[in-house]
1. Does anyone have the angle between helix B:315-324 and the longest principal axis of chain B? Alpha-carbon axes, 0 to 90°, nearest 10?
2. Round to a whole number: what % of the accessible area of the range A:2-207 belongs to carbon and sulfur, probe 1.4 Å?
3. Let me cross-check B:Thr229: its accessible surface, 1.4 Å probe, with only protein heavy atoms counted, in Å² to the nearest 10?
4. So, by mean Cβ neighbours within 10 angstrom, what's the order for B:188-196, B:296-304 with the highest one leading?
5. Can you give me the three principal axis dimensions of chain B from its C-alpha atoms, in Å, biggest first?
6. Enter the mean number of other protein chain beta carbons within 10 Å of the beta carbon of each residue in B:42-50, as an integer.
7. What is the Cα centroid distance between the range B:272-317 and the range A:94-173, reported in whole angstrom?
8. Lysines near B:Lys30 by alpha-carbon distance under 21 Å, same-chain residues fewer than 8 away left out - which ones?
Amino acid sequence: MKLVAVSAGLTQPSSTRLLTDRLVEATVRAVGDEVNVEEVNVGEVNVEEVEVEVVELRDLATDIANNFVTGFAGRALRAAQEAVTSADGLIAVTPIFTASYSGLFKSFFDVLDPESLEAKPTLIAATGGTPRHSLALEHALRPMFAYLHAVVAPTAVYAAAEDWGNDDGLPDRVRRAATELAGLMRHRAPAREERLVPFAEQLAALTREP
Amino acid sequence: MKVQFGIFSVGDVTTDPTDGRTPTEHERIKAMVAIALKAEEAGLDVFATGEHHNPPFVPSSPTTMLGYIAARTSRLILSTATTLITTNDPVKIAEDYAMLQHLADGRVDLMMGRGNTGPVYPWFGQDIRQGVPLAIENYALLHKLWREDVVDWKGRFRTPLQGFTSTPRPLDGVPPFVWHGSIRTPEIAEQAAFYGDGFFANNIFWPKEHFQRLIELYRERYAHYGHGTPEQAIVGLGGQVFMRAKSQDAVREFRPYFDNAPVYGHGPSLEDFTAETPLTVGSPQEVIDKTLTFRDSFGDYQRQLFLMDHAGLPLKTVLEQIDILGEEVVPVLRKEFAIGRPANVPDAPTHLSRLGEKNS
């Protein structure tokens, strides 16, 4: 199985990437647990089966801007788009800027083929300076991914600066969200097949009353 | 002619970024004519004009322009790039282009396109969400008007016809050859394949992988509909070049035009864009080398059009470019493309070749 994380953190290292890595790690573990519970032959299954790729949007910032201008994605951006499209599960993490996802985060999804997230198991997460921005996940990220027909895990994970200095529940939320994503990935609906409409059918559709 | 080579023009009025001068519409229209005449003089085969209905573009009335060029040329094939099959009345297209075909003694073909300017649809009373159905229905009617003397017809988008004859009838009973242009829509490749028409992929702004899928689909469906093998399907491609004897001179001269070009300016670097797309800025030999790779990517094909007169390049420069193309590039490409081209791959269609097929 392939798990792809998109991290829109801007500094290096960033707390957005830190949260991304925690979520990835927890999801890989949760997929392993799921498999162990379900499969009879436990011995053959291990967490190595999950292939992980993390896309750092900072590295693609210029390519994303160029895509807006030219209408096509350059090589590096194309590779990132293909990774996201082919993933069995997606973890999308952004810093909260001005009451919403960052512009870079939104831009990446603006230039992605809108059908590529259809039925995609997705975990949304965000970071911010204070906990007061946490509902941006529910008001901004969740509707955006709903629009793209992703299947978004019910638990979204927000990490404020202070969460890195206490044990007030961030690890629990990470674990809960990861377990949900792992479940969605294991029981994922098959992707819809692309189908070319034969010409006769296209013509016939026009002769029917609208 | 195995492969036709030519020029296609968008007809944009763009300020020259090097001196800030903007041509008038009159100057630009006359420049397009001068470019077409130069194309014939330089030994090229095709001149194609775009169709637009908004500034800063001048060519809203292609048959008027092409009719004028027809009178001043004797060999050049006159085409469009594109004809808006969605918002033009197919009856008027049938009449206008049959008339042009007679005046030009058969030196006419068309490229159908849907158009990418949103407001043009409502300006002409159409709905952009119906773009593909409009292209399908309108072309089906056009196809019929050119092939049946008396047409009874009823469709979704236009008033019905009873006992209608489109005049003049196509020259020698042979309708103009039609290319269908699309940069992303499989339905249009399917349409071209269904009719056995040509498919033109204007590949100049995007990486080749994208167009390989579309052209492969067209070729496969062309065979499916019984017009021949996939290799026999009729494919046209775009190209975009700027040449000087020395590569670095070409880059230095073209860079300000690239950096400020309406389509891709203020985006990627010239170097990145040339690596990813067919754009070649360099010596004639570099243009030859790049163009020869199109055959490896897309198979043997029938028509190669170059975009040369955009982004504010002055007319004098464009005419020089066409001379270089005609003298140093196209003769070599003709020779190279002929080598190893399978005998069963058809030559580019012309009025004469199609008349021959009709009579045989």
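The values are calculated or read from the model by the stated rules, or taken from the named source; none is laboratory data. What you see is a predicted model, and the numbers here were worked out from it, not measured in a lab. Every residue, glycine as well, gets a Cβ built from its backbone with ideal geometry; the counts of neighbours run over all protein chains shown. Note: areas computed on protein heavy atoms with side chains; ligands, DNA, RNA excluded. Shrake-Rupley method; radii C 1.70, N 1.55, O 1.52, S 1.80 Å.
1. Here the helix axis deviates by roughly 90 degrees.
2. Roughly 52 percent of what the probe reaches on the range A:2-207 is carbon or sulfur.
3. Near enough 50 Å² of accessible area.
4. Working: B:188-196: 22.8, B:296-304: 19.6.
My ranking of the peptides, most packed first, is B:188-196, B:296-304.
5. Reported extents, whole Å, longest axis first: 62, 46, 38.
6. Working: counts 0, 0, 0, 0, 0, 0, 0, 0, 0.
Across B:42-50, the average partner-chain Cβ count within 10 Å equals 0.
7. 44 Å
8. Hits, sequence-local ones excluded: B:Lys38, B:Lys316.
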